[in-house]
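In what follows, a structure is listed as structure tokens, so that the remarks can point back to it.
The numbers here are math on the coordinates, done by the rules we state, and not lab data. These figures come from a predicted structure and were not determined experimentally. No Cβ is skipped: glycine too gets one built from the backbone with ideal geometry, and neighbour counts run over all protein chains shown.
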Amino acid sequence: MSKNEHLQACRRRKPRFDCLGKHKMLFNPEIVTFKHKIMNSLEQLKTHTKVVADTGDFQLIKEFSPLDSTTNPTLIYKAVQQEKYEHLLEQAIAENENCGLQIGQGLVDKIIDSLLVLFGCEILKHVPGRVSTEVAANLSFDTEATVAKARSIIAMYEAKGISRDRVLIKIASTWEGIQAGRILEKEGIHVNMTLLFSLAQAVACAEAGATLISPFVGRILDWYKAKAGHDFKGADDPGVQSVTMIYNYYKKFGYKTEVMGASFRNTSEIVELAGCDLLTISPNLLADLAKSNEPVVRKLSPQSAAHEGIQRLDVSEKSFRWHLNEDAMATEKLADGIRSFNADTTKLANMIEKELLA
Ligand code: E4P
């Protein structure tokens, strides 16, 4: 090879920077490498998107090095049943021993809040960024109670030396929840608006100044699969389409609220959303991505969103309620999500009550 040919070959192989400017990688359609090491699908995804771990089982997340972590009432209930986390429940009970409350007077709720914060503090030892802690689902239609609960959770974190910037208070994206988010953001308490299944919810959250939204993918797929009686794959997955539409809307109209796709059923849903601001992924799907060498190509970007012909949506209260009611999937999934998170919190409360009476 002549010197000239060699130089040209080197130029062709020049490491590229991805749009986040994070990693240099040599791109070839078959295999993606980082400094000549083959990148697995998880490593490739991380060059396009901030990867978040979706679990209360914090011992599982170390090997995946996520930036943030998310929890919900179901995940915490699942984690606390494991022997390895029994000590956190004991600690939460001990912290409230002298609070002056009895069972039936709010003691169990206080213990649950302590438990959520203890899990959050443990999780924060394993991630450099933020933890999402969800407020009780039975507050989903009560703005004032949600604000009070969020303030109290943040005060508990701060008492343990965790600054509010490392916590996202997760709130259901009902009209009342979104108004709570608006109030909290003005106080520097950051929110993660969850149980989000529609553009109307997403636009209302952005206009309320939410730091982050969690549009669900898998639960949307579940609904359409059950209705249609068949599966949907890749870009045809209605959950993927919903998050793509929300992401494009935000980028096109310049909203700052971060979009974090959540609730995944398989890795192809995740790969289809590469480029989304963040994706929160369960440990088993993180493991599947880490085991795979399939190329992960960026699908979402502010540049491509700019070319989308999207109309602005009015989300005054009446219009929000109208759009949500018109969307049977979003209406049913929001209601069902609140019911099932509340059911798991009730199970946790019963478990704590049993422990207190033992
Ligand atoms: C995270 O923010 C969500 O609560 C979670 O991804 C929901 O996942 P699921 O639909 O699998 O319960």
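Report the full-extension gain for the segment A145 to Q81: residue separation times 0.36 nm, less the Cα-Cα distance, to one decimal in nm.
The A145-Q81 span can extend by a further 20.2 nm.
If the only charges are +1 at each Lys and Arg Cβ and -1 at each Asp and Glu Cβ, what is the size of the charge dipole of the chain around the Cα centre, to the nearest 20 debye?
The dipole of the chain has a size of about 1780 debye.
At q = 0.07, 0.13, 0.15 Å⁻¹, what is the log10 ratio I(q)/I(0) for the stretch 41-357, with the Debye formula run over Cα points and no solvent?
Taking Cα atoms of the stretch 41-357 as identical point scatterers yields -0.26, -0.93, -1.24.
On a full-extension model of 0.36 nm per residue, what is the gain between E90 and I38, subtracting their alpha-carbon distance, rounded to one decimal in nm?
Separation in residues times 0.36 nm, less the Cα-Cα distance, equals 14.2 nm.
Across the stretch 274-281, in residue order, what do the Karplus-derived ³J(HN,Hα) couplings come to in whole Hz, using 6.51 cos²θ - 1.76 cosθ + 1.60 with θ = phi - 60° and x for Gly and Pro?
4, x, 4, 3, 9, 9, 9, 10
Report the Rg/Rh value for the stretch 284-358, based on alpha-carbon coordinates and the Kirkwood definition of Rh.
Value, to two decimals: 1.20.
How large is ³J(HN,Hα) for each residue in the stretch 57-72, as worked out from phi by the Karplus curve 6.51 cos²θ - 1.76 cosθ + 1.60 (θ = phi - 60°), to whole Hz, x for Gly and Pro?
Computed from phi, the couplings for the stretch 57-72 are 7, 5, 5, 7, 8, 3, 5, 9, 6, x, 7, 10, 9, 10, 10, 8 Hz.
Which entries of K46/K78; K84/K291; K110/K256; K62/K227 show an alpha-carbon separation above 29 angstrom in the structure shown?
K110/K256; K62/K227
Using the Karplus curve 6.51 cos²θ - 1.76 cosθ + 1.60 with θ = phi - 60°, what ³J(HN,Hα) values do you get for each residue of the stretch 304-310, in whole Hz, with x for Gly and Pro?
Each residue of the stretch 304-310 in turn: 6, 5, 4, 8, 6, x, 10 Hz.
Taking a threshold of 22 Å on the Cα-Cα distance, which of the pairs K50/K170; K149/K186; K186/K333 fall above it?
Flagged as over cut-off: K186/K333.
Could you please state, rounded to a whole Å, how far the C-alpha centre of the stretch 95-119 is from the C-alpha centre of the stretch 287-346?
Their Cα centres are 33 Å away from one another.
Okay, helix-only estimate at 222 nm for the chain: each DSSP H run of n ≥ 4 adds -39500 (n - 2.57), divide by all residues, round to 500 deg cm²/dmol; what do you get?
Calculated at 222 nm, the ellipticity per residue is -15500 deg cm²/dmol.
So for the pair K354, K62, with labels modelled 7 Å out along Cα→Cβ, what separation do we get in nm?
Between K354 and K62, the simple spin-label model gives 3.0 nm.
Of the peptides 277-285, 77-85, 340-348, how do they stack up when ordered by the mean number of other Cβ atoms within 10 Å, highest first?
Ranking the peptides 277-285, 77-85, 340-348 by packing returns 277-285, 340-348, 77-85.
Does anyone have the angle between helix 143-159 and the longest principal axis of the chain? Alpha-carbon axes, 0 to 90°, nearest 10?
80
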